[in-house]
Amino acid sequence: MLREVTLDKLINLYEGIVVHDRKQLIEWKDHCGIPLYEMKQRTLAQDKMILGALKCAKANGYSGEE
């Protein structure tokens, strides 16, 4: 659990989530085309988008302290 949430901690968290999502897709590659696999693909895309947004916020000076 995150006690003090910072932008860096969120970025690290989502980097781990994206790695986990990719690992699941590799493990499920033989099930391509079934709804669960497609859901995992959407989850990966969503988590990558969130990670990208967090990195963009950090690059543009957002600290979350406002």
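The values are calculated or read from the model by the stated rules, or taken from the named source; none is laboratory data. What you see is a predicted model; the values in this text were computed from it and never measured. Accessible surface is based on the protein model in full, side chains and every heavy atom, while ligands, DNA and RNA are left aside. Shrake-Rupley method; radii C 1.70, N 1.55, O 1.52, S 1.80 Å.
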* What is the ratio of the Cα radius of gyration of the chain to 2.2 N^0.38 Å, where N is its residue count, to two decimals? -> 1.33
* To do: Could you tell me how many degrees, from 0 to 90 and to the nearest 10, lie between the Cα long axis of helix 7-27 and the main elongation axis, the longest principal axis, of the Cα atoms of the chain?
  => 10
* For the chain, calculated [θ]222 nm from helices alone, where every DSSP H run of n ≥ 4 adds -39500 (n - 2.57) -> -24500 deg cm²/dmol
* Asked: Ignoring any ligand, DNA or RNA, what whole percent of the accessible area of the chain comes from carbon and sulfur when the probe is 1.4 angstrom?
  -> 57
* Accessible surface, per residue, of the chain when the full set of protein chains is kept, probe 1.4 Å, Å² -> 78
* Structure fact -> To the nearest 10 degrees, the tilt of helix 35-59 (Cα long axis) against the first principal axis of the alpha carbons of the chain is 20
